[in-house]
Amino acid sequence: MSVVKLLVSTLGKATGILTIVVVVLAAVLIYFEDPDPVKYTSMAEDMKTLEENFRQQNKSCFILGASGETGQVVLKELLARNLFSKITLIGRRQLTFEDKAYENLVQEVVDFEKLDDYAAAFQGHDVGYCCLGTTKAKAGTDGFIRVDHDYVMKSAELAKAGGSTQFHLESSRGADKSSSFLYLKVKGQVEAEIEALGFDRYAIYRPGVLLVDRQESRPAEWLARKFFSAFSAVSSTSMAIPVPVVAKAMVSNTLLQPEQKTEILENKDIASLGKSAGK
Ligand SMILES: NC(=O)c1ccc[n+]([C@@H]2O[C@H](COP(=O)([O-])OP(=O)(O)OC[C@H]3O[C@@H](n4cnc5c(N)ncnc54)[C@H](OP(=O)(O)O)[C@@H]3O)[C@@H](O)[C@H]2O)c1
């Protein structure tokens, strides 16, 4: 009799523990789930019409950082969706492409230290995409500020002066001009200074860790990527995002008309838009 009692009580405890585990797991998954998928399913349908209308306006754009991990996917996405009649890459070196899809690209090779001398490269584009950036480890503190603030800011100024109405900036999760972390502070400062230029439309994208198989060695980023890749296999997170999702979001968002001139897309907003629109 006592053996049966013991068995029942053990089974009861095990079931209780199992229930708690299941409830906690479900809560975690719900917490990290992307909100409101229905909204974006219908957006995917509208997107086709928006693309068609946009295409007919024969607009042109430029990309800064088209050789980088995000920039190259933004370029690929723009070509695949054929939204612009002219795409210009502005960079510090000439890029070579094998694929025929890239044959009509215009390339402007500039010296970012003397950008005023290259103002013409920024003239006449309707939309600008900025995926420029470096790291402190690669360029040192001064070099990082030069690229992520000075080059980005000057490019935005020249684009505004050259007639661009839209500017899309790839910034970073946690960007904050008051931050005590240099990276986040610089990102926040450049975000705010570009807003003051007064583009008709200014979109700031704040992705978390970019999930990408980067050729270049960046140990800290590699570690973060491994961690978040494993985690995002079971659920999406607000901390990391695959590069193609960022690129899709940047391109799709170009077609939308938000109420505000300036909008900030946090990691989850980018994930929702990038995964659902323009499939
Ligand atoms: N990595 C992440 O996890 C992460 C997360 C959130 C936000 N972000 C931000 O997202 C943006 C894009 O990141 P990514 O990883 O896609 O970029 P990336 O692969 O590092 O590419 C950076 C681009 O900037 C250009 N660039 C770098 N240094 C330059 C310099 N001194 N002069 C001129 N051009 C220069 C590169 O040109 P070359 O090919 O000629 O070097 C390249 O086109 C960056 O602003 C980054 O801070 C990154």
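Taking segment 156-179, which residues are within 10 Å of the ligand (Cβ to nearest atom) and open to solvent by less than 50 Å² (accessible area, probe 1.4 Å)?
Of all residues in segment 156-179, those within 10 Å of the ligand (Cβ to nearest atom) come to 169-175.
Across segment 156-179, the qualifying residues are Leu169, Glu170, Ser171, Ser172, Gly174, Ala175.
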Requested in this report: Examine segment 112-120 for a residue that is within 18 Å of Ser67 (Cα to Cα) and either at pLDDT 95 or above or under 21 Å from the mean Cα position of the chain (by Cα) (or both), and state whether such a residue exists.
Outcome: yes
Query - Single residue of Ser217, Ser238 found to be in contact with a helix residue (DSSP H, G or I) (Cβ under 7 Å, 6 or more places away or on another chain) and either under 21 Å from Leu132 (Cβ atoms) or at pLDDT below 95 (or both) - result: Ser238
Report task. Kindly indicate the residue of segment 65-87 that is of a type in the set (S, T, N, Q) and assigned to a loop (DSSP other than H, G, I, E, B) and also most open to solvent (accessible area, probe 1.4 Å) among those meeting that condition. Result -> Asn82
Query raised in the report: Of these, Phe144, Phe62, Phe97, which one is open to solvent by less than 80 Å² (accessible area, probe 1.4 Å), among the aromatic types (Phe, Trp, Tyr) and under 24 Å from Phe199 (Cβ atoms)?
Result: Phe62
Report summary line: For segment 114-130 the number of residues that are within 13 Å of the ligand (Cβ to nearest atom) and open to solvent by 20 Å² or more (accessible area, probe 1.4 Å) is 2
Query - Which numbered condition Phe227 fails, given (1) within 8 Å of the ligand (Cβ to nearest atom); (2) assigned to a helix (DSSP H, G or I); (3) modelled with pLDDT under 95 - result: (1)
Report summary line: Within segment 139-150, residues near the ligand (Cβ under 8 Å from one of its atoms) and in contact (Cβ under 8 Å) with a residue 40 or more places away in the chain come out as Asp148
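The values are calculated or read from the model by the stated rules, or taken from the named source; none is laboratory data. On a predicted model such as this, the values are computed, not experimentally measured, just so you know. Don't worry about glycine lacking a Cβ; one is built from the backbone with ideal geometry, like all the others, and counts go over all protein chains shown. Areas reflect the complete protein model, heavy atoms only, side chains present, ligands, DNA and RNA absent. Shrake-Rupley method; radii C 1.70, N 1.55, O 1.52, S 1.80 Å.
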